[in-house]
Structure formats: structure tokens, C-alpha cells
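Structure record follows, encoded as C-alpha cells.
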């Protein structure tokens, strides 16, 4: 997989944020970091899904 430049990644993140804003949604900082790591080839989609699922489970337990 060809690695992207930081500028390309930032542009993708901005586009995702804009798309979510249209739906009155936002993205948290940890998910932005996951996106950057994915686009840099540092994490797989399976790892990210597991991490996000674990975060949700922790929130459900603590609330």
C-alpha cells in the first residue's frame, strides 16, 4: 500500500469531518488518530474495529 503524505491524510480527515457535520455528527480525537494510523498502514481495519468496540463496551459498563 502506498503511504500517503500528512497533507493528503489531513485532507481526507477534513472531508470526513465535513460529511459528518452535514449529518450533525462529529468524530472524536481518538477516532481521528485511528484514521491516520490506518491511512499510514500502522493499523488494520480489524484492529480499529476491535479498539472502537472495546471503547464502546467500556463506556456501557461505566454508565
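When you look at residue 27, is it under 25 Å from residue 5 (Cβ atoms) and surrounded by 11 or more Cβ atoms within 10 Å (Cβ to Cβ), yes or no? The answer is yes for residue 27.
Could you say which residue among 36, 46 is assigned to a helix (DSSP H, G or I) and touching a residue at least 12 places away in the same chain (Cβ under 8 Å)? If you could, list the steps in order and put the result at the bottom.
Values: 46 fails: touching a residue at least 12 places away in the same chain (Cβ under 8 Å).
The match here is 36.
Since every read-out is calculated from the coordinates, none of them should be taken as a lab result. What you see is a predicted model; the values in this text were computed from it and never measured. Note: ideal-geometry Cβ built from the backbone for every residue, glycine included; neighbour counts use all protein chains shown.
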